[in-house]
Amino acid sequence: MKQVAKDLLEINAVTLSPNEPFTWASGIKSPIYCDNRLTISYPEIRTRIAKGIADLIRESFPEVEMIAGTATAGIPHAAWIAQELNLPMTYVRSKPKDHGRGKQIEGHLTAGQKTLLIDDLISTGGSVLKAVAAAQKEGADVIGVCGIFSYQLDAADKNFAAAKIPFATLTNYGELIDVAAADEQITASEKKLLKKWRQDPENWLED
């Protein structure tokens with residue numbers, strides 16, 4: 001969805017810097033920095049995201065019975081999407097509480113309920129797939145994952161395939177750099193570098 005890609009660039013939720021790359025926690029040098037949490041501060045944009053993902057769910061996951069947000073970035077979007085679809089919602093903590101009943105899922109989840117998880121960003125899929133596993137442990141029938149943006153890394157495709165969980169996002173890396181190039185936010189040489197990173201995230205800076 002090109003408009004959402006434009007939105008992310010406009011509010012600097014996604015920043016492209018191929019010539020001065022960012023360093024991820026893993027040590028990987030990346031030409032892109034993404035903070036989709038910023039979207040919650042913009043009513044028009046968050047509404048467009050909620051309606052867009054709701055439409056995506058209606059098309060790709062029509063059997064859904066429960067929307068689950070991943071802590072913390074997926075929670076507000078899950079709430080708006082659940083409202084749009086008139087569905088119940090839960091959220092998944094990153095780890096079980098260390099007090100009380102030690103719950104990891106908040107809200108009422110019925111065993112066998114067809115559940116779709118919402119996250120703000122898909123990179124390698126590692127964190128959201130942990131949330132998927134936690135929901136499955138509680139008896140959820142997880143039918144898929146939806147997000148705002150995907151880096152389109154091969155690692156994500158492999159990890160989701162291994163988990164046998166389909167996923168979809170509203171916009172993605174390829175669409176975003178096309179929008180940035182069309183709006184002259186990046187040069188042709190920068191676009192080439194950005195494409196090289198997605199093909200080989202560990203060695204893209206080498207000649």
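The values are calculated or read from the model by the stated rules, or taken from the named source; none is laboratory data. Because the structure is a prediction, the values reported are computed rather than measured. Areas reflect the complete protein model, heavy atoms only, side chains present, ligands, DNA and RNA absent. Shrake-Rupley method; radii C 1.70, N 1.55, O 1.52, S 1.80 Å.
Accessible area per residue was computed with a 1.4 Å probe on protein heavy atoms; Ser94 scores about 100 Å². I need the shape label for segment 124-207. Rule: rounded when a/c is under 1.5, else prolate if a/b > b/c, else oblate, with a, b, c from the alpha carbon gyration tensor. The shape class here is prolate.
Dividing the summed helix terms, -39500 (n - 2.57) for each DSSP H run of n ≥ 4, by the number of residues in the chain produces a 222 nm estimate of -12500 deg cm²/dmol to the nearest 500.
Exposure check, 1.4 Å probe, all protein chains in place: Lys29 carries approximately 90 Å² of accessible surface.
Residues Thr15, Thr70, ordered by accessible area of protein heavy atoms at a 1.4 angstrom probe radius and largest first, appear as Thr15, Thr70.
Cα-based values for segment 1-88, radius of gyration first and Dmax second, are 15.1, 45 Å. Annotation: Asp141 carries an accessible surface of approximately 60 Å², with a 1.4 Å probe and no ligand, DNA or RNA atoms counted.
Annotation: per residue accessible area for the chain equals 51 Å², rounded to a whole number [probe 1.4 Å, protein chains only]. What the Cα convex hull of segment 161-207 gives, in volume per residue, is 80 Å³. In the structure shown, the pairs Lys29/Lys103; Lys103/Lys158; Lys103/Lys164; Lys6/Lys29 are assessed against 27 Å; a Cα-Cα span above that value is assigned to Lys29/Lys103; Lys103/Lys158.
Taking the protein heavy atoms of the chain in the context of the full set of protein chains, the accessible area attributed to carbon and sulfur is 47 percent at 1.4 Å. Averaging the Cα positions of each part gives two centres, and for segment 18-60 and segment 113-186 these lie 11 Å apart.
If I fit a long axis through the Cα atoms of helix 188-199 and take the longest principal axis of the Cα atoms of the chain, what angle between them do I get, 0 to 90°, rounded to 10? The angle comes out at about 40 degrees.
By DSSP, the beta bridges lying fully in the chain are antiparallel in about 25 percent of cases.
If you wrap the Cα atoms of the chain in a convex hull and average its projected area over all directions, you get 12.0 nm².
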